[in-house]
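Working notes for the structure below.
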Amino acid sequence: MSAKMKPAEGVMTLAEMKEFAGFAASTQRYIRRSLDIGLDRDDAMTRWSRDVVEAASIRAQARHYERLSDIRAVVPDDSGLDAMEPFLAPLVTVSAFDLGQGRITTFSAYRFLYERLIGASVRPWLPGAFCAAAALPHLHPELRRKLLQSISEAAATASGWSSRQPAFYPYWVEKVEPGALPN
């Protein structure tokens, strides 16, 4: 890797951090929780469960996320319809679960999460999966409207997508009291 590429990587990482910072606190929390579950980073139940309702939600999410490794394995290389069904059906199902939790309320937050859960190769498929999941009847009509209005024309009609893997994967950071950091 040349030295010329390193500043661009830093700029892109900062752009990803800025995008994440623009999400609502509840969305940020849900993305971090989802990445812990989907990437098997930490014990999500211990870290994220505040009550029995949230514990049940985490267990349900973990069950749905068991499909992520299968989804990652079958991301189509092209837009051929033959490869679409074994990939898109489970992606829409997992996406529908996440959207139904009410914390991912925009396409940009959805894209941010799923680029990290599955990888850069999923980008061309995200608008379709998002629209399919956002239009399902299990969502309240007002949430469906908000979700579907959040996808821009540019995102829905893009002619190409970057193959660059995301660089910023947000995670939980324990609060440190002032003066507790080493000099």
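At what distance in nm do the modelled label points of Asp70 and Ala132 sit from each other, each positioned 7 Å from its Cα along Cα→Cβ?
Using points 7 Å along Cα→Cβ, the separation is 1.4 nm.
Quickly work out the Asp42-to-Ala62 label distance, labels modelled 7 Å from Cα along the C-beta direction, and quote it in nm with one decimal.
With each label point 7 Å from Cα toward Cβ, the separation is 1.5 nm.
What's the longest bit of the chain with no exposed GluC sites (Glu not before Pro), using DSSP loop states and at most 15 other Cβ atoms within 10 Å as the test?
Longest site-free region, per DSSP loop and neighbour criteria: 67-173.
Exactly which trypsin sites (Lys or Arg not before Pro) in segment 1-83 are in a DSSP loop and have at most 10 other Cβ atoms within 10 Å?
Lys4, Arg50
If you wrap a convex hull around the alpha carbons of the chain, what volume per residue comes out, as a whole number of Å³?
Looking at the chain, the number lands at 160 Å³ per residue.
Scan the chain and note any complete DSSP helix (H) whose C-alpha atoms cover at least 15 Å along its axis and whose Kyte-Doolittle average is -1.0 or more.
Span-like helices in the chain: 5-21, 25-38, 52-65, 84-100, 107-118.
Compactness ratio of segment 8-102: Cα Rg over 2.2 N^0.38 Å, N = residue count?
1.25
Local charge sum around Ala135 (other residues, Cβ-Cβ under 11 Å, Lys/Arg +1, Asp/Glu -1)?
Net of charged neighbours comes to +2.
Which whole-number percent gives the relative contact order of the chain, counting Cα pairs below 8 Å spaced six or more residues apart?
For the chain, the relative contact order is 25 percent.
Any read-out appearing in this document is the output of simple, stated calculations on the displayed coordinates, not a laboratory observation. Note that the coordinates shown come from a computational prediction; the quantities given were computed from them, not determined experimentally. When we count neighbours, we look across all protein chains shown, and the Cβ atoms used for this are built from the backbone with ideal geometry, even at glycine.
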